[in-house]
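The values are calculated or read from the model by the stated rules, or taken from the named source; none is laboratory data. Because the structure is a prediction, the values reported are computed rather than measured. Every residue, glycine among them, receives a Cβ derived from its backbone with ideal geometry; neighbour counts consider all protein chains shown. The area values use the complete protein model at the heavy-atom level, side chains included, leaving out ligands, DNA and RNA. Shrake-Rupley method; radii C 1.70, N 1.55, O 1.52, S 1.80 Å.
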Amino acid sequence: MSGTMRALRLAAPAPAAEAPLQMVELPVPEPGPGQVLLRVLACGVCRTDLHILEGDLPPHRSPVVPGHQIVGEVVALGAGAELVAPGGEPGAEPLAIGDRVGVPWLHQTDETCRFCRRGDENLCEHASFTGWDVDGGFAEYTVAPAGFVYRLPAGMTAMTAAPLLCAGIIGYRCLRLIGVVGEGAGLPSAAGLPSAAPEEPGRWPDWPEEADRAAGPAVTAARPRRLGIYGFGSAASLCTQVAIWRGWEVYGVARDEEHRSLALELGAVWAGESGDDPGVLYDAAIVFAPAGELAVDALRRLDKGGIVALGGIYSSPIPPIEYPWIYHERVIRSVANSTRQDARELLRDAALVPVVSRVQEYDLEQANEALLDLKEDRVRGSAVLRVVAD
Ligand SMILES: [Zn+2]
Ligand SMILES: [Zn+2]
């Protein structure tokens with residue numbers, strides 16, 4: 001493939017209000033060895049894009065095309081890509097022209113460093129990230145390594161699948177680290193629900209019929225476990241649905257009324273502002289909003305033995321913590337990037353729940369506007385750029 005494409009490029013970080021992304025014509029990239037060339041259908045807009053735009057995260061490549069929640073169609077394969085298992089899943093059928101795939105934040109790892117070797121590829125010493133180290137999806141075409149892209153569940157449109165690729169995956173990793181999903185968390189199959197595993201590697205189950213959806217939640221406990229979620233944007237709106245499906249009660253904390261009402265709409269039992277008393281202690285909490293004081297608020301509302309996960313890549317400083325707030329084996333930890341296992345399992349569970357994305361739609365040329373809306377709390381659910389009609 002040759003020719004040019006439209007792309008939104010960031011030359012230098014600047015406040016979102018200055019609309020720093022510029023529409024440019026670039027050559028359509030060539031897929032390198034092991035890569036696929038994708039025609040971008042849709043690309044989600046993430047808070048990390050905003051941090052890159054405004055320079056909260058230092059530039060890794062300049063100029064850069066941001067965007068790391070990409071749904072695209074394979075239009076060309078680089079040398080050897082036809083031999084690669086997508087998503088790093090052993091036995092998965094290699095990609096072919098016309099396949100629809102998702103590209104997440106984790107662009108590639110070295111697969112050899114000590115973190116990769118022990119299964120923590122999210123911490124890879126030589127990881128590269130989509131839309132930060134390499135050009136991303138705010139463009140008509142992009143390239144990605146075939147081993148780091150994912151087939152998407154049937155029945156999801158490009159627009160509704162896009163938010164799963166970072167917000168969904170990061171939210172899922174948070175849920176894993178606090179024990180809502182993953183080993184020991186009460187898998188649906190263990191509770192007599194249909195097996196969560198794909199019928200064959202690389203193929204996802206179709207979306208369940210309405211009747212099957214009523215089969216959750218999967219876990220029974222003396223009382224439902226309680227999850228506080230701080231910052232009710234895209235990631236919160238997606239992982240709330242998974243947590244409820246797993247039998248947890250969700251308490252939503254947001255400064256914006258629209259976000260609190262979204263939390264209740266999605267099944268949260270309570271919604272308030274930070275500082276409001278939910279009247280219970282949380283067994284676990286996730287802080288998605290990049291405000292350090294929320295980490296302390298979450299910690300202070302945690303039951304003994306509870307855990308707070310900080311889901312952001314950036315945060316303002318965390319205020320001092322008094323020892324009694326963290327005593328009784330309370331834990332506070334950050335969450336960095338994600339593994340391919342997180343991505344595969346999120347996509348599997350998203351199809352089973354099924355997770356429904358609330359999408360606020362923008363055209364590609366409206367990316368600056370979408371980022372400003374995100375900054376100013378005007379996105380309800382997930383902002384997604386429509387690059388090509390579905
Ligand atoms: Zn590594
Ligand atoms: Zn992201």
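What the table shows:
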quantity: All positions within the stretch 58-97 that are within 16 Å of ligand 2 (Cβ to nearest atom) and touching a Ser or Thr at 6+ places or on another chain (Cβ under 7 Å); calculated: H68, I70
quantity: Criterion: over 22 Å from A162 (Cα atoms), modelled with pLDDT of 95 or more, charged (D, E, K, R) and within 16 Å of ligand 1 (Cβ to nearest atom) - qualifying residue of D110, D133; calculated: D110
quantity: The stretch 17-30 - residue that is open to solvent by less than 30 Å² (accessible area, probe 1.4 Å) and part of a loop (DSSP other than H, G, I, E, B) and, of those, farthest from A96 (Cα to Cα); calculated: P20
quantity: Filter result for E125 (more than 21 Å from Q69 (Cα to Cα), in contact with a Phe, Trp or Tyr (Cβ under 8 Å, 6 or more places away or on another chain) and near ligand 1 (Cβ under 9 Å from one of its atoms)); calculated: yes
quantity: Hits in the stretch 250-269 - residues which are open to solvent by 50 Å² or more (accessible area, probe 1.4 Å) and either outside any loop (DSSP other than H, G, I, E, B) or acidic (D, E) (or both); calculated: E257, E258, L264, E265
quantity: Any hit, the stretch 7-28, residues being of a type outside the set (S, T, Y), more than 26 Å from Y362 (Cβ to Cβ) and without any contact (Cβ under 8 Å) to a residue 60 or more places away in the chain; calculated: no
quantity: Matching residues in the stretch 297-348 - criterion: being of a type in the set (K, R) and open to solvent by 70 Å² or more (accessible area, probe 1.4 Å); calculated: R300, K304, R333
quantity: Strands (runs of 3 or more DSSP E) wholly inside the stretch 312-388 containing at least 3 residues that are touching a residue at least 60 places away in the same chain (Cβ under 8 Å) and within 16 Å of ligand 1 (Cβ to nearest atom); calculated: none
quantity: Leading residue by the ranking (farthest from ligand 1 (Cβ to nearest atom)) among those in the stretch 180-209 that are open to solvent by less than 30 Å² (accessible area, probe 1.4 Å) and modelled with pLDDT of 75 or more; calculated: V180
quantity: Pairs where the first residue, in the stretch 98-114, is under 15 Å from G34 (Cβ atoms) and the second is within 16 Å of ligand 2 (Cβ to nearest atom) and part of a loop (DSSP other than H, G, I, E, B), C-beta under 6 Å, 6+ apart; calculated: V101/V149; V103/V149; T109/A127
quantity: When residues of the stretch 237-249 are limited to those that are over 19 Å from C166 (Cβ atoms) and touching a strand residue (DSSP E or B) at 6+ places or on another chain (Cβ under 7 Å), the one least open to solvent (accessible area, probe 1.4 Å); calculated: W248
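So that you can scan it fast, the table gives a plain yes or no per residue for (1) in contact with a helix residue (DSSP H, G or I) (Cβ under 8 Å, 6 or more places away or on another chain); (2) of a type in the set (S, T, N, Q); (3) under 30 Å from F115 (Cβ atoms):
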| site | (1), (2), (3) |
| --- | --- |
| I313 | yes, no, yes |
| I332 | yes, no, yes |
| R340 | yes, no, yes |
| L346 | yes, no, yes |
| V359 | yes, no, no |
| E365 | no, no, no |
